[in-house]
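To start, the structure itself, in structure tokens.
Laboratory data are not the source of any read-out in this text; all were calculated from the coordinates shown. In this text, all values refer to a predicted model and were calculated from it rather than measured experimentally. Backbone-built Cβ (ideal geometry, glycine too); neighbour counts: all protein chains shown.
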Amino acid sequence: MTTTEHSPTAAGTGASASQIFRASRSATDPAGAVLGERVDDLARAVLRAVHEVIREKDVTYPEFQAVKQWLMDVGESGEWPLFLDVFVEHVIEEVAARTQSGTLGTIQGPYYVPGAQRLSSPATLPARPDEKRFHAT
């Protein structure tokens, strides 16, 4: 008997990364704080960069079709937000860090911010009243 190994996906959990992103986006930015003109400018710059890669790499039609299928698969599985968070957002963080004090943000944290409360070790990390407390050693 042959078994097929299955890789878990966000879509396979019943909620795609796209659905989760849309829900969180509408809750945090219902008015759309980014102007459409800025989105248009950024999208055009991304397309120019794609065009440059195609020229630089001498992309063939079969290669284009394979990449197109891969991009479609990512989108249809609802994984675009996850893909962008993992492979692109770290550069956004670098740009944001130019005007922030403290350490760079990371997925795992923690963040150092000058003047933050210092805790002795072992410590109980501050938490909201409804949160389970985490004891660090």
For segment 77-84, just list the computed ³J(HN,Hα) in residue order, Karplus coefficients 6.51, -1.76 and 1.60, θ = phi - 60°, integers in Hz, with x standing in for Gly and Pro. 7, x, 9, 4, x, 5, 4, 5
Hey, rough spin-label estimate for W80 and R22, points 7 angstrom out along Cα→Cβ, what's it come to in nanometres? 1.0 nm
